[in-house]
Amino acid sequence: MTNKELFLTIVERLKTEPFLKGFKFRKRDSSFIKQEGGLRRHIELDHWSKEGVLIIYPIYMVRFDVLLKWFEPYNVKSPQAQQDNPSVGFTGNMLGRQDKFTISEAYLECEYSKLCGTLTDCSGIVFQSYTSLHDMFEHEIIPILDGKRALPDVGADWAFEYLTLTRIESPEDYPAVKALILAQVLKMAERHEPNIMDYFPRLDEIISVMEQTFPTK
């Protein structure tokens, strides 16, 4: 069996697992996806061959459409990349679990069991931890306000997403979060961080549009 056939065999078995009930498999990025309204749960099975064996590297993601849809007219990424963009994403290592799985036909049963068990465990942790915007605010924004976590210093989408999340979920915290994010964005712009520079000239306009889209009471 080739590694491609081995991967397809694993996918077909995973389709029958109870923890993936209601998920659909998307071939183009080897992902199991479940969309419920504006909430998407997503397990991507990144994979490749190395020294004759199959390596599978799962990524566990959740997307809240409301945080990302309004930003699409400004997003410099391709439409497909925008649609695939998660609100949060985790690897096994980030969850204190196994990150990559080495699978061979000779030891398929044992290795599949490890993979399936970890997928069940990790997806359960992520999907149960991020069921609502409130959950995401508690996990992502509160630690920043409490000084227990630093803001990212690369990328750009997170800045608009965090602003939108706070604007919707906790308007009373919005001024403080906005001040922290703008200070970080300015630092990034001063060192010409490529991703943030795509938006920096229109930053005020973009934030103004978001604030009008999600007015506070």
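Annotations for the structure displayed:
- The stretch 159-217, residues that are loosely packed, with under 13 Cβ neighbours inside 10 Å and either under 21 Å from MET136 (Cβ atoms) or among the small types (Gly, Ala, Ser) (or both): GLU172, PRO175, ALA179, ALA183, SER208, PRO215, THR216, LYS217
- The lone exception for ASP157 - which of (1) in contact (Cβ under 8 Å) with a residue 40 or more places away in the chain; (2) over 19 Å from ARG40 (Cα atoms) it fails: (2)
- Some residue of the stretch 151-158 being closer than 19 Å to PHE214 by Cβ and in a helix (DSSP H, G or I): yes
- Output for the stretch 101-132, where each listed residue is β-branched (Val, Ile, Thr), touching a Phe, Trp or Tyr at 6+ places or on another chain (Cβ under 9 Å) and farther than 22 Å from GLY89 by Cβ: ILE103
- Any hit, the stretch 69-78, residues being out of contact with any Ser or Thr (no Cβ under 6 Å at 6 or more places or on another chain), aromatic (Phe, Trp, Tyr) and under 19 Å from GLY117 (Cα atoms): no
- Top-ranked residue in the stretch 154-189 [being more than 13 Å from LEU68 (Cα to Cα) and among the β-branched types (Val, Ile, Thr); ranked as nearest to the chain's Cα centre (by Cα)]: VAL154
- On inspection, VAL53 passes the criterion of being more than 17 Å from ASP29 (Cα to Cα), over 13 Å from the mean Cα position of the chain (by Cα), at pLDDT below 95 and among the β-branched types (Val, Ile, Thr).
- For the stretch 116-143, a residue qualifies if it is surrounded by fewer than 19 Cβ atoms within 10 Å (Cβ to Cβ) and β-branched (Val, Ile, Thr), and the qualifying residues are THR118, THR120, ILE125, THR131, ILE142.
- Among the conditions (1) over 25 Å from ARG63 (Cβ atoms); (2) of a type in the set (D, E, K, R); (3) in a helix (DSSP H, G or I), the only one that ASP173 does not satisfy is (1).
- Of the strands (runs of 3 or more DSSP E) contained entirely in the stretch 11-122, those carrying at least 3 residues that are within 30 Å of LEU163 (Cβ to Cβ) and not polar (S, T, N, Q) fall at 31-36, 39-50, 53-64, 88-91.
The values are calculated or read from the model by the stated rules, or taken from the named source; none is laboratory data. Just so it is clear, the structure is predicted and the values come from calculations on it, not from any experiment. For neighbour counting, all protein chains shown are included, and Cβ atoms are generated from backbone atoms with ideal geometry for every residue, glycine included.
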